[in-house]
Amino acid sequence: MDLNEPDARTSGDPGALHRGIWRHWGTPAAIYGTIVYASVVAAASGADDDRESAVRLLVLSLVSIVVFWLAHVYSTALGFQGDEQRAGDRIRDSIRHALGESGGMLEAAIVPSVPLLLAGLGVLEPDVGVALSLWLTVLMLALLGFSVFRLRGRPIMVCLLGAVVTASFGIVVILLKSALQH
């Protein structure tokens, strides 16, 4: 079952809303974007513990994810255009397809950006903002891992294993940050 197919999202079954949410937040691009965003935050955050550094980190992280998103849109459009069945399609159709496939990468940056924004505004200490941002990515990855198996009707233990495996990518990023900065 392709969870991104229109009829899979709009059928009258109870999971339709969940699949609709999955269409934006649970795509491979969203998972990849979450990991990339966490990696940039982890690598770019340093010993500076002031509001200006939190703002710089937020801007750097957002610019980085936009660059990765543009590259993803471009490569997806090329791949779509290069498909033998779509050789006659317009480039506009390839770009529209790529934008639909890649939107989750940008959306994945929203939640972990909030603590960085709050740190930049002085509401949170910068180190707390960074830590919260990174742990939110772990939580997001766990939820995405759980959801994909749940939508497919897998037993709860398989869903939990999916959550642990997917979240482990974020945990590895946090461990790398700790290893690099201590």
Report task. Heads up, I need the accessible area for residue 39: 1.4 angstrom probe, whole protein in place, Å², nearest 10. Result -> 50
Report summary line: Using a 1.4 Å probe on heavy atoms of the protein chains only, the accessible area for residue 95 in Å², nearest 10, reads 80
Query - Heavy atoms of residue 101: accessible area, 1.4 Å probe, square angstrom to 10 - result: 60
Report summary line: Of every hundred units of 1.4 Å-probe accessible area on segment 115-159, the number belonging to carbon and sulfur atoms, as a percent, is 73
**Report entry** Probe 1.4 Å, all protein chains present, accessible-area order of 154, 90, largest first
**Finding:** 90, 154
Query raised in the report: So how do 74, 32 rank on accessible area, 1.4 Å probe, biggest first, that is with the largest at the start?
Result: 74, 32
Query raised in the report: How large is ³J(HN,Hα), in whole Hz, for each residue of segment 34-42 in order, when computed from phi with the Karplus curve 6.51 cos²θ - 1.76 cosθ + 1.60 and θ = phi - 60°, using x for Gly and Pro?
Result: 5, 5, 4, 4, 4, 5, 5, 4, 5
Query raised in the report: For 124, 176, what's the largest-to-smallest order of accessible area, 1.4 Å probe?
Result: 176, 124
Query - For residue 27, distant residues with modelled amide H under 5 Å away - result: none
Query raised in the report: What is the sum of charges around residue 62, taking Lys and Arg as +1, Asp and Glu as -1, for the other residues whose C-beta is under 13 Å from the C-beta of residue 62?
Result: 0
Query raised in the report: Around residue 37, with a cut-off of 14 angstrom between Cβ atoms, what is the net charge of the other residues, counting Lys and Arg +1 and Asp and Glu -1?
Result: 0
Query raised in the report: Can you give the net charge of the other residues whose Cβ lies under 10 Å from the Cβ of residue 162, counting K and R as +1 and D and E as -1?
Result: +3
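The values are calculated or read from the model by the stated rules, or taken from the named source; none is laboratory data. Note that the structure is a prediction, hence the values are computed from the model and not measured. Methodologically, a virtual Cβ is constructed for each residue, glycine included, from the backbone with ideal geometry; neighbour enumeration extends over all protein chains shown. Heads up: the accessible areas ignore ligands, DNA and RNA and are worked out on the full protein's heavy atoms, side chains in. Shrake-Rupley method; radii C 1.70, N 1.55, O 1.52, S 1.80 Å.
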